[in-house]
Amino acid sequence: MHRGKGMKFVGDSRIQDRSERNTIPKDYSEYPGRTEAFWPNFLLKEWLVGAVFLIGFLCLVAAAPSPLETQADPNNSAYIPLPDWYFLFLYEQLKFEYAAGDYVIIGTVGIPGLAFGALLLAPFLDRGPGRRPSKRPIATGMMLIGVIATIWLTYESVAAVDWDERAEYSVENAVEHEVDESHPGYETFVNNCMSCHGGNLEGEPGLGPDLLDLPHTAEVLQEIAVEGIGDMPPGMFDGTDEELEQLADFIIENTSTE
Amino acid sequence: MLQKLYDWVDERLDITPIWRDIADHEVPEHVNPAHHFSAFVYCFGGLTFFVTVIQVLSGMFLTMYYVPDIENAWNSVEYLQSQVAHGQIVRGMHHWGASVVIVMIFLHTLRVFFQGAYKKPRELNWVVGVLLFFVMLGLGFTGYLLPWDNKAFFATQVGLEIAESVPVIGTDIKTLLAGDPEIVGAQTLTRFFAIHVFFLPAALFGLMALHFIMIRRQGISGPL
């Protein structure tokens, strides 16, 4: 029985060309030494390595659930953007004086374009015959600088982030609380307090704490609204005395989470 | 029975040479970690492919639940994450796989670079490999928006501003990606979804095919 192995068809006739049926290609063995058949010997080993890798990967997945923050709110002006970690080096270099502001093109197009362009065209820039890193010091040096710069920029960017504060954005830490929007003090609250304490008293990460389960009396709340407390500056409230009373009532009536 | 079936197909389509091209070759000693442990550096390319397969499969399952629409995108992800059996695992695989694949490509690139394996005759394969790297970064960028949470929304806004800063064609690039020169919204989400799920994977598969055909043609580079 004829078994494939390089059979050729004659023109478009679909008749097998039997003149070269014994020209079986030679085995691939360019390099002398202890070669091993890919199928099935080496593939089995690769399979085992893959299985171990997969177990490790699944341990990571099981140990660290993928993060999800609260639903996108385009009106949230306080949010500090953070790209995925492998874009942080690009993000970080935009903070340098000559890669930002008037020079932002240098940071967004110039430096990345040069770096990635050189990476793309590396075989045509480094044309010498030597393959050892020591035989091509310029290419090796440029790559080392690039790698170190990337790692360093990523590190700088990660170190500058307050990860505890970012954890508050997570959906698990989001406060589910609803306020009575028909309360007469609600409008005053929206105008004076909402930008820092959230539309439902849930607080705004980085700006203001939540106003849930407050122990204060109405008088103390009125005082805080006018004079501030802790990091909260005085003079945040702007309105009439009646509005101030309604505001304190609103907070008292809606502060409980039970 | 199977042999007969194989012979029947082989007689008509001559599939044996295809099989030979894919699997019937020797693995040289210098890339085999069983002989030289330091040869584990040759695993990074294969692991990149492995994680890519994980990404494709987990991504296919994610689209069974995901809805690319600003009203429902976040809710569908939240539902998948908290209500669907093993949904957290599937999303976790896709989320962490995106990071692991970048790490693996990075290591694979460094291996090829420092061994000078891109030198003649393998220049084209290096170029295709770097293009694969770019496509993978593009997949990371577009995939980041899809859960439609605050992190996704604001990071994408920054990314689009960076695209806008490109001289002359910046606004056109931003409009192409976001669907509007100003608004990041419903159009942006559907476009990023289409790019993430159709356009970039198509480019990825084409480039991967080229990458693998070239390595089978040329064989792996010799020892240093």
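The values are calculated or read from the model by the stated rules, or taken from the named source; none is laboratory data. Everything numeric in this text was worked out from a predicted model, so none of it was measured. Every residue, glycine as well, gets a Cβ built from its backbone with ideal geometry; the counts of neighbours run over all protein chains shown. Just so you know, the surface numbers come from the protein's heavy atoms only, side chains and all, with ligands and any DNA or RNA stripped out. Shrake-Rupley method; radii C 1.70, N 1.55, O 1.52, S 1.80 Å.
Results for (1) among the hydrophobic types (A, V, I, L, M, F, W, C); (2) at pLDDT below 95; (3) open to solvent by 60 Å² or more (accessible area, probe 1.4 Å); (4) on the phi < 0 side of the Ramachandran plot, shown as yes or no for each residue.
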| position | (1), (2), (3), (4) |
| --- | --- |
| B:Asp7 | no, yes, no, yes |
| B:His36 | no, yes, yes, yes |
| B:Gln55 | no, no, no, yes |
| B:Ser58 | no, no, no, yes |
| B:Asn72 | no, no, yes, yes |
| B:Asn75 | no, no, yes, yes |
* To do: Give me a count of the residues in the stretch B:15-61 that are of a type in the set (A, V, I, L, M) and within 7 Å of chain A (Cβ to nearest Cβ).
  => 5
* Asked: Just for helices (runs of 4 or more DSSP H) wholly inside the stretch B:1-63: which have at least 3 residues that are over 30 Å from B:Gly143 (Cα atoms)?
  -> B:2-13, B:16-23
* Can you name the residue in the stretch B:77-86 that is surrounded by fewer than 19 Cβ atoms within 10 Å (Cβ to Cβ) and under 18 Å from A:Leu58 (Cβ atoms) and, of all such residues, is nearest to the other protein chains (Cβ to nearest Cβ)? -> B:His86
* For A:Glu181, are the conditions met, namely being out of contact with any helix residue (DSSP H, G or I) (no Cβ under 8 Å at 6 or more places or on another chain) and over 14 Å from A:Phe237 (Cβ atoms)? -> yes
* Do you know which residues across the stretch B:159-197 are polar (S, T, N, Q) and open to solvent by less than 60 Å² (accessible area, probe 1.4 Å)? -> B:Ser165, B:Thr175, B:Thr188
* Selection status of A:Pro40, of a type outside the set (Phe, Trp, Tyr) and surrounded by 16 or more Cβ atoms within 10 Å (Cβ to Cβ) -> no
* Asked: Across the stretch B:163-173, what is the number of residues that are more than 23 Å from the chain's Cα centre (by Cα) and either modelled with pLDDT under 90 or within 12 Å of chain A (Cβ to nearest Cβ) (or both)?
  -> 7
* Asked: What pairs come up if the first residue lies in the stretch A:40-54 and is in a helix (DSSP H, G or I), the second is surrounded by 15 or more Cβ atoms within 10 Å (Cβ to Cβ), and their beta carbons are under 6 Å apart, counting only those six or more places apart or on different chains?
  -> A:Phe42/A:Glu36; A:Phe42/B:Val27; A:Gly50/B:Phe50
* Extreme residue, farthest from A:Glu69 (Cα to Cα), among residues of the stretch A:146-162 that are open to solvent by 100 Å² or more (accessible area, probe 1.4 Å) and away from chain B (no Cβ under 13 Å) -> A:Trp152
* Structure fact -> In the stretch B:127-158, residues that are facing chain A (nearest Cβ under 8 Å), assigned to a helix (DSSP H, G or I) and open to solvent by less than 20 Å² (accessible area, probe 1.4 Å) total 7
* Asked: For B:Val112, all conditions in the list (1) of a type outside the set (Phe, Trp, Tyr); (2) in contact with a Lys or Arg (Cβ under 9 Å, 6 or more places away or on another chain); (3) free of Cβ contacts under 8 Å to residues at least 12 places away in the same chain hold save one; what is the number of the exception?
  -> (3)
* Asked: For residues in the stretch A:46-96 being among the polar types (S, T, N, Q) and more than 7 Å from every other protein chain (Cβ to nearest Cβ), which is farthest from A:Val161 (Cα to Cα)?
  -> A:Asn75
* List, please: which pairs have Cβ atoms under 7 Å, are six or more places apart or on different chains, and start with a residue in the stretch A:184-201 that is open to solvent by 50 Å² or more (accessible area, probe 1.4 Å) and end with one that is at pLDDT 85 or above? -> A:Pro184/A:Gln246
* To do: Mind counting the residues in the stretch A:224-245 that are part of a helix (DSSP H, G or I) and under 42 Å from the mean Cα position of the chain (by Cα)?
  => 4
* **Restricting the stretch A:215-231 to residues that are surrounded by 17 or more Cβ atoms within 10 Å (Cβ to Cβ) and not polar (S, T, N, Q), the residue that is farthest from A:Ser77 (Cα to Cα)** => A:Leu221
* Hey, does the stretch A:168-176 have a residue that's at pLDDT 85 or above, more than 33 Å from the chain's Cα centre (by Cα) and surrounded by fewer than 18 Cβ atoms within 10 Å (Cβ to Cβ)? -> no
* Asked: If you go through the stretch B:92-104 one residue at a time, do you hit one that is open to solvent by less than 20 Å² (accessible area, probe 1.4 Å) and more than 30 Å from A:Thr108 (Cα to Cα)?
  -> yes
* **Flag for A:Arg34 being at the interface with chain B (Cβ under 8 Å from one of its Cβ atoms), at pLDDT 60 or above, more than 30 Å from A:Ser170 (Cβ to Cβ) and part of a loop (DSSP other than H, G, I, E, B)** => yes
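Table: residues versus (1) more than 13 Å from the chain's Cα centre (by Cα); (2) buried (at least 19 other Cβ atoms within 10 Å of the Cβ).
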{"residue": "A:Phe57", "(1), (2)": "yes, yes"}
{"residue": "A:Ala62", "(1), (2)": "yes, no"}
{"residue": "A:Pro65", "(1), (2)": "yes, no"}
{"residue": "A:Asp73", "(1), (2)": "yes, no"}
{"residue": "A:Asn76", "(1), (2)": "yes, no"}
{"residue": "A:Ile80", "(1), (2)": "no, no"}
{"residue": "A:Pro83", "(1), (2)": "no, yes"}
{"residue": "A:Tyr98", "(1), (2)": "yes, no"}
{"residue": "A:Val109", "(1), (2)": "yes, no"}
